[in-house]
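Novice: First the structure, which I've put down as structure tokens, then a few questions once you've had a look.
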Amino acid sequence: MTLCPGKKINSAQSGPWDRDLDIDLQAIQVWGARALVNLMEEHEYELLRVPDYVAKVRSYPMEYYHLPIVDGHRPDGRFMELWKSAGPKLRQILLDGGKILIHCRAVWDEPVRWRLNCWWNWACRMKRQFRRYAMPVLTQSKHGIRKNMFTPAGR
């Protein structure tokens, strides 16, 4: 789980960000992601000054899933409908030993922690179910999240 690749914003709780989308996507590709899951809503691309985000991501050799969750809310019917198709495909990637990068706008604000916790708990359950020897460390299990699970190149 990480922040939006290519994020550019002058004022954020964590300070200013001026990332390069291509450099971030190259780092994600080198990391070995077979899929990228975007939890942001469409209007957030403009807020983070990545208007060409979707086209750029689709130009890289990885599967792309847009499963938007309204900021500050739990997954709604729209998400659940998209999940019917995306969920089995993402589970199969994990079962095959593949990597999935999940991102939203900021990563560490309170609503995003909730999103991350849902995904992380699901991923841990899947990992334990199919790789019983690979248990998350205590801090991961205790908090349901792990900060800096993946940080693209630069800041």
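Novice: Hey, could you check segment 104-128 for residues that are within 25 Å of R49 (Cβ to Cβ) and open to solvent by 70 Å² or more (accessible area, probe 1.4 Å) and say which is modelled with the lowest pLDDT?
Specialist: This residue is E110.
Novice: Can you find a residue that is charged (D, E, K, R), touching an Asp or Glu at 6+ places or on another chain (Cβ under 7 Å), at pLDDT 90 or above and closer than 22 Å to D96 by Cα anywhere in segment 55-63?
Specialist: No.
Novice: Right, next: Given the options P51, P16, name the one that is without any contact (Cβ under 8 Å) to a residue 24 or more places away in the chain, touching a Phe, Trp or Tyr at 6+ places or on another chain (Cβ under 6 Å) and over 26 Å from G87 (Cβ atoms).
Specialist: P51
The values are calculated or read from the model by the stated rules, or taken from the named source; none is laboratory data. The structure displayed is predicted, hence computed values, not measured ones. Cβ atoms come from the backbone with ideal geometry, glycine included; neighbour counts cover every protein chain shown. Note: areas computed on protein heavy atoms with side chains; ligands, DNA, RNA excluded. Shrake-Rupley method; radii C 1.70, N 1.55, O 1.52, S 1.80 Å.
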